[in-house]
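Every read-out reported here was derived from the displayed coordinates using simple, explicitly stated rules and does not represent laboratory data. Not measured: the values here are computed from a predicted model. All Cβ positions, glycine included, derive from the backbone under ideal geometry; neighbour counts span all protein chains shown.
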Amino acid sequence: RNWISEKEYQDIRLETWEGIAKITINRPRVYNAFRPQTVKELIEAFDICRERQDVGVVVLTGEGDKAFCSGGDQNVKGHGGYIDEDGVPRLNVLDLHKRIRSLPKPVVAMVNGYAIGGGHVLHVVCDLTIASENAIFGQSGPKVGSFDAGFGSSYLARHVGQKKAREIWFLCKQYSAVEAEKMGLVNKVVPLDILEEETIEWCKIILQRSPMALRMIKRGLNAELDGQAGIMELAGDATLMFYLMEEAQEGRNAFLEKRDPDFKKFPKFP
Ligand code: 2NE
């Protein structure tokens, strides 16, 4: 597969191939832990994927065969957050969660090893998860002085139920890919050597589906948990669809032509 590199980054790779964008966290020495710079680059890459008309689905993964992502880089954790190159403490990974959730295209986590702590939350936030047999899942916050009470807990509970979510967070145990699949945390488990092939197969099927239908389904599934912000995004897409209709165009045309709009010709569906 000839992935095309879209941009040079310090901590990640952004590549595309036939409608699929692949974003790889590229810090294998620290098991793909993220620092503020990593997250800044990930946010930019997701924004590029949002704008690109030729991208229909995004894959998020980690470099190597050891880790998908091991969460926040403990080497740069200071007072008030993860310290960036200017000495400012940040928790900008929460902005990344919002980006993944808002992206009007499916995002597939391709989990190739440890998905731990904030790295686990990243796969939880993605729409689908395909994991290799060696993948290991778990939260570690209460063990290392952190927690994610946002999507990392509430959305996790939607996947696995409240009791299991509390177990995952309270005990900080690690779970095999098969255990994660049984919990409903993972869509499919495959051997590592065919992980990308399997993920691409899923992406190819997604690319055959209606992009607008996928977009609306993602919005609807999100809205249930996201409250007013989720309804706003669903409503925004309803407006987008309305703008595509002759009925909306009649209103605009009438205004520009300085005449009364004629909406009578449009159907009133039961
Ligand atoms: C991932 C895990 C379980 C792997 O264990 P093991 O024994 O297989 O590997 P090892 O030796 O621990 O790790 C390999 C190398 O990667 C570094 C290690 O320090 C080690 O480097 P060297 O000592 O060989 O130089 N490494 C691994 N994870 C790292 C990290 N997160 N930051 C910096 N370096 C890391 C094991 O490594 C592990 O438990 N890692 C820590 C997981 C963790 O606690 N992450 C932070 C959770 S908090 C969080 O992510 C967070 C949040 O809760 C809320 C908001 C935002 C972030």
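Looking at the stretch 203-214, can you tell me whether even one residue there is among the basic types (Lys, Arg), surrounded by 15 or more Cβ atoms within 10 Å (Cβ to Cβ) and free of Cβ contacts under 8 Å to residues at least 24 places away in the same chain? Checked the stretch 203-214: no residue is among the basic types (Lys, Arg), surrounded by 15 or more Cβ atoms within 10 Å (Cβ to Cβ) and free of Cβ contacts under 8 Å to residues at least 24 places away in the same chain.
In the stretch 139-164, the residue that is nearest to Gln74 (Cα to Cα) out of those that are near the ligand (Cβ under 8 Å from one of its atoms) and either of a type in the set (Val, Ile, Thr) or in contact with a Gly (Cβ under 8 Å, 6 or more places away or on another chain) (or both) is Val144. Quick check: is even one residue across the stretch 5-15 assigned to a strand (DSSP E or B) and among the acidic types (Asp, Glu)? For the stretch 5-15, residues assigned to a strand (DSSP E or B) and among the acidic types (Asp, Glu): present. Among the criteria (1) surrounded by 12 or more Cβ atoms within 10 Å (Cβ to Cβ); (2) in a helix (DSSP H, G or I); (3) of a type in the set (Val, Ile, Thr); (4) touching a helix residue (DSSP H, G or I) at 6+ places or on another chain (Cβ under 9 Å), the one Ile200 does not fulfil is (4). Inspect all residues belonging to the stretch 60-70 and state whether any of them is within 8 Å of the ligand (Cβ to nearest atom), buried (at least 24 other Cβ atoms within 10 Å of the Cβ) and within 17 Å of the chain's Cα centre (by Cα). So far as the stretch 60-70 goes, yes, one or more of its residues are within 8 Å of the ligand (Cβ to nearest atom), buried (at least 24 other Cβ atoms within 10 Å of the Cβ) and within 17 Å of the chain's Cα centre (by Cα).
Considering the stretch 19-37, and only residues there that are out of contact with any strand residue (DSSP E or B) (no Cβ under 8 Å at 6 or more places or on another chain) and in contact (Cβ under 8 Å) with a residue 12 or more places away in the chain, the residue that is surrounded by the most Cβ atoms within 10 Å (Cβ to Cβ) turns out to be Gln37. If only residues of the stretch 86-105 that are near the ligand (Cβ under 9 Å from one of its atoms) and in contact (Cβ under 8 Å) with a residue 24 or more places away in the chain are counted, the one that is surrounded by the fewest Cβ atoms within 10 Å (Cβ to Cβ) is Leu94.
Asn112 passes every criterion in (1) surrounded by 24 or more Cβ atoms within 10 Å (Cβ to Cβ); (2) within 13 Å of the chain's Cα centre (by Cα); (3) more than 7 Å from the ligand (Cβ to nearest atom) apart from (2). Based on what the data block shows, is Ile83 touching a helix residue (DSSP H, G or I) at 6+ places or on another chain (Cβ under 8 Å), within 30 Å of Arg209 (Cβ to Cβ) and either of a type in the set (Val, Ile, Thr) or surrounded by fewer than 18 Cβ atoms within 10 Å (Cβ to Cβ) (or both)? Criteria not met by Ile83.
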